[in-house]
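Asker: Supplied in structure tokens, the structure appears directly below.
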Amino acid sequence: MKMKIIREIVEIRISDIKLEKANVFKNQDIPLNREHSLKVETLFTEAMELFIEFSHPKGLVSEIPIPEFEVVYFGEGLNEKKTPLDEIFKKADYLALFAVTIGEKLSQKIGELFELDEFALGSMLDAVASEGTEKVADIVENRFSELLAKSDEITSSTGILRYCPGYCGWHMSGQKKLFEFLHPEDIGVTLLDSYLMKPLKSISGVIVIGEKEIHNFIDSYAFCSQCKTHFCRDRISELFRE
Amino acid sequence: MDILNKISEHLQLGDDEKVRIFTKEAIKAKISPKEILNNGLIFGMDIIGKKYKAHEIFLPDVLLAAKAMYAGMDLLRPMFIKGGIPTIGKVVIGTVQGDLHDIGKNLVGIMLKGAGFEVIDLGNDVSPSEFIEIAKKEDASVIGMSALLTTTMPFMKIVIDLLKEERLIGKIKTIIGGAPVTEEFAREIGADAFGYDSINAIEKVKGLTGMT
């Protein structure tokens with residue numbers, strides 16, 4: 001039976017955030033199969049210590065019915081004409097808006113390091129902070145799926161992926177309606193006129209829960225040719241590997 | 001090994017303390033500041049750039065070397081005080097309007113200074129008119145623009161269009177970069193160059209200013 005609408009501020013301990021060193025190094029353009037200096041290792045360790053000291057992770061998730069999400073997704077009417085998410089969300093079993101952050105203090109610390117000419121540590125901390133924010137989003141996504149699993153809403157064929165404004169044809173201005181519905185200010189995240197979030201190390205978007213197959217799309221949309229990463233391929237592959 | 005070689009070697013190792021010590025020694029030995037800068041510090045940074053390009057070292061190594069370069073420059077700066085530190089060109093950089101992501105732009109600025117350019121960093125969320133006004137005021141030869149968002153990339157074109165309007169194309173060159181920016185986009189909007197990373201951006205700026 002369908003449960004009542006969920007809205008929850010997710011408390012996150014730093015110890016719950018399991019950063020993947022490989023992702024941090026990838027962000028720093030360090031190939032995984034290449035040896036690197038001891039100095040690089042030391043920088044990583046120092047950056048991890050600063051991350052623990054200065055990050056304040058918080059998350060917010062709120063279930064949203066499909067018709068209401070349609071309004072959020074339409075946003076300011078600036079999305080690409082055809083997008084994968086436009087097809088995907090209509091077939092979803094559940095949708096939830098989310099926002100996460102690791103707080104402003106960490107961003108300030110990164111800025112301070114650059115001011116002090118500690119460029120390598122600042123850059124490494126920035127990479128750690130980006131990876132940390134992704135992991136906080138993972139925790140919030142897992143929390144939402146755990147809540148659904150409690151009432152047997154999740155099966156082995158269920159696929160859960162999140163999508164964010166600014167990617168795959170969903171225009172950045174979509175943040176405006178998303179914020180109006182979700183109110184991420186409850187966790188200290190605000191929206192600037194440029195649709196960027198403050199703190200900068202924050203992520204918002206929609207968690208889509210449904211049959212795995214609904215997430216499967218071919219990256220042949222008009223805007224895909226401009227995409228440098230095609231991360232969608234990895235995300236979809238991973239979903240079907242699980 | 002002479003002092004300038006020691007400066008270059010320790011810079012490449014990212015050892016800012018040693019670079020400071022040997023720069024002091026070089027000054028004491030009456031080596032001209034210009035020679036210390038060109039044949040010690042910049043020479044070392046050039047090797048770092050080549051090693052990075054050959055994937056022998058990685059971004060953190062480059063940034064440690066840049067810190068060491070700055071340590072030496074801090075000692076030379078007072079000696080250049082009359083005429084200022086000799087530069088090979090002046091570059092105005094910034095993250096375009098609406099965008100607050102400045103890590104990539106900062107890295108380019110650090111590397112440009114390391115290569116001997118004078119850098120005027122306008123920060124982030126820089127309006128097109130500010131780019132133009134400051135470049136004109138400072139008589140800069142290059143404007144470098146960075147964007148991390150596809151939604152802010154169009155501001156790069158506005159800057160180039162303003163340069164066209166003011167008949168400054170050719171006098172002030174443009175280079176663009178950032179995660180979503182491509183060579184194709186650079187061509188489309190009429191930018192003079194595209195830098196795919198900070199080291200590549202420095203090579204391109206050198207090309208734009210006739211240094212290579």
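Asker: For the full complex of protein chains and a 1.4 angstrom probe, list B:Arg167, A:Arg233, A:Arg7, A:Arg241 by accessible area with the highest value first. Don't skip to the end; give the middle numbers.
Answerer: On the way: B:Arg167 210, A:Arg233 70, A:Arg7 110, A:Arg241 175 Å².
From most accessible down to least: B:Arg167, A:Arg241, A:Arg7, A:Arg233.
Asker: Could you give the nm distance between label points at A:Lys105 and B:Glu188, where each point is 7 Å from its Cα heading toward the beta carbon?
Answerer: So the two model labels end up 4.3 nm from each other.
Asker: For the stretch A:139-203, what % of the accessible area comes from carbon and sulfur atoms, probe 1.4 Å?
Answerer: Details: 1460 of 2840 Å².
That fraction is 51 percent.
Asker: Hey, what do the phi angles of the stretch B:44-50 turn into as Karplus ³J(HN,Hα) couplings, whole Hz, using 6.51/-1.76/1.60 and θ = phi - 60°, x for Gly and Pro?
Answerer: Each residue's phi maps through the Karplus curve to give x, 5, 4, 5, 4, x, 5 Hz.
Asker: Right, next: Apply the Karplus curve 6.51 cos²θ - 1.76 cosθ + 1.60, θ = phi - 60°, to the phi angles in the stretch A:222-236 and return the couplings in whole Hz, x for Gly and Pro.
Answerer: 3, 7, 5, 5, 8, 6, 8, 9, 6, 4, 4, 4, 5, 4, 5
Asker: I would also like to ask the following. Can you show me the helix-derived [θ] at 222 nm for chain A, built from DSSP H runs with n ≥ 4 at -39,500 (n - 2.57) apiece and divided by the number of residues, rounded to the nearest 500. Before the final figure, lay out each step's value.
Answerer: Numbers: 8 runs with 102 residues, N = 242.
Mean residue ellipticity at 222 nm (helix-derived): -13500 deg cm²/dmol.
Asker: Moving to a separate point now. Amide H to amide H, which residues 5 or more places from A:Glu211 or on other chains are under 5 Å from it, using H placed in the peptide plane?
Answerer: Here the answer is A:Asp93, A:Gly159, since their amide H atoms fall under 5 Å of that of A:Glu211.
Asker: Could you work out the mean count of beta carbons from other protein chains within 10 Å of each residue's beta carbon in B:99-111? Please list the in-between numbers first.
Answerer: Numbers: counts 2, 7, 3, 5, 10, 2, 0, 7, 5, 0, 2, 5, 1.
Counting other chains' Cβ atoms within 10 Å and averaging over B:99-111 gives 4.
Asker: A further question follows. Roughly how far apart, in whole Å, are the Cα centres of the stretch B:2-16 and the stretch A:46-112?
Answerer: Each part reduced to its Cα centre gives a spacing of 46 Å.
Asker: For the pair B and A, how large is the buried accessible area, both sides, in square angstrom to the nearest 100, if the probe is 1.4 Å?
Answerer: Working: alone 10540 and 13290 Å², together 21410 Å².
Interface between B and A: roughly 2400 Å².
Asker: If amide hydrogens are placed 1.01 Å from N in the peptide plane, which non-local residues have theirs closer than 5 Å to the one on B:Val142?
Answerer: Result for B:Val142 returns B:Lys90, B:Val92, B:Lys173.
Asker: Starting from the Cα of A:Lys176, draw a straight line to each of the lysines and keep only those under 23 Å, dropping any in the same chain fewer than 8 residues away.
Answerer: A:Lys58, A:Lys81, A:Lys82, A:Lys90, A:Lys198, A:Lys201
Asker: Right, next: Quick one: accessible area per residue over the stretch A:1-115, 1.4 Å probe, rounded to a whole number of Å²? Intermediate results must be reported in sequence, preceding the final value.
Answerer: Working: 6510 Å² over 115 residues.
Heavy-atom SASA per residue in the stretch A:1-115 reads 57 Å².
Asker: Would the stretch A:7-239 count as rounded, prolate or oblate if I go by the C-alpha gyration tensor, calling it rounded below 1.5 in a/c and otherwise prolate when a/b exceeds b/c, oblate otherwise? Walk me through the intermediate numbers first.
Answerer: Values: a/c = 1.63, a/b = 1.52, b/c = 1.07.
Note, shape of the stretch A:7-239 comes out prolate.
Asker: Placing +1 on the Cβ of each Lys and Arg and -1 on the Cβ of each Asp and Glu in chain B, which of B:Leu162, B:Thr174, B:Ile88 has its Cα farthest towards the positive end of the resulting dipole?
Answerer: Towards the positive end, the residue furthest out is B:Ile88.
Asker: Suppose all protein chains stay in the model; what accessible area per residue would a 1.4 Å probe give for chain B, in Å²? Show your work: numbers first, answer last.
Answerer: Details: 9330 Å² over 212 residues.
Accessible area per residue: 44 Å².
Asker: What is the distance, in nm, between label points placed 7 Å from the Cα along the Cα-to-Cβ direction at A:Asp29 and at B:Glu25?
Answerer: If labels sit at A:Asp29 and B:Glu25, their model points lie 3.2 nm apart.
Asker: Where in the stretch A:31-47 is the amide nitrogen less than 16 Å from a point lying 7 Å along the Cα-to-Cβ axis of B:His55?
Answerer: A:31-37
Asker: HN-Hα J couplings of the stretch A:85-96 from phi, Karplus 6.51/-1.76/1.60, θ = phi - 60°, integer Hz, Gly and Pro as x?
Answerer: Coupling constants for the stretch A:85-96: 5, 4, 7, 5, 5, 6, 9, 6, 7, 9, 10, 9 Hz.
The values are calculated or read from the model by the stated rules, or taken from the named source; none is laboratory data. This one's a predicted model, so the numbers in the text were calculated from it and none came from an experiment. Quick reminder, even Gly has a Cβ in these numbers, built from the backbone with ideal geometry, and neighbours come from all protein chains shown. Ligands, DNA and RNA are stripped out before the accessible areas are found, and what is left, the full protein with its side chains, is counted by its heavy atoms. Shrake-Rupley method; radii C 1.70, N 1.55, O 1.52, S 1.80 Å.
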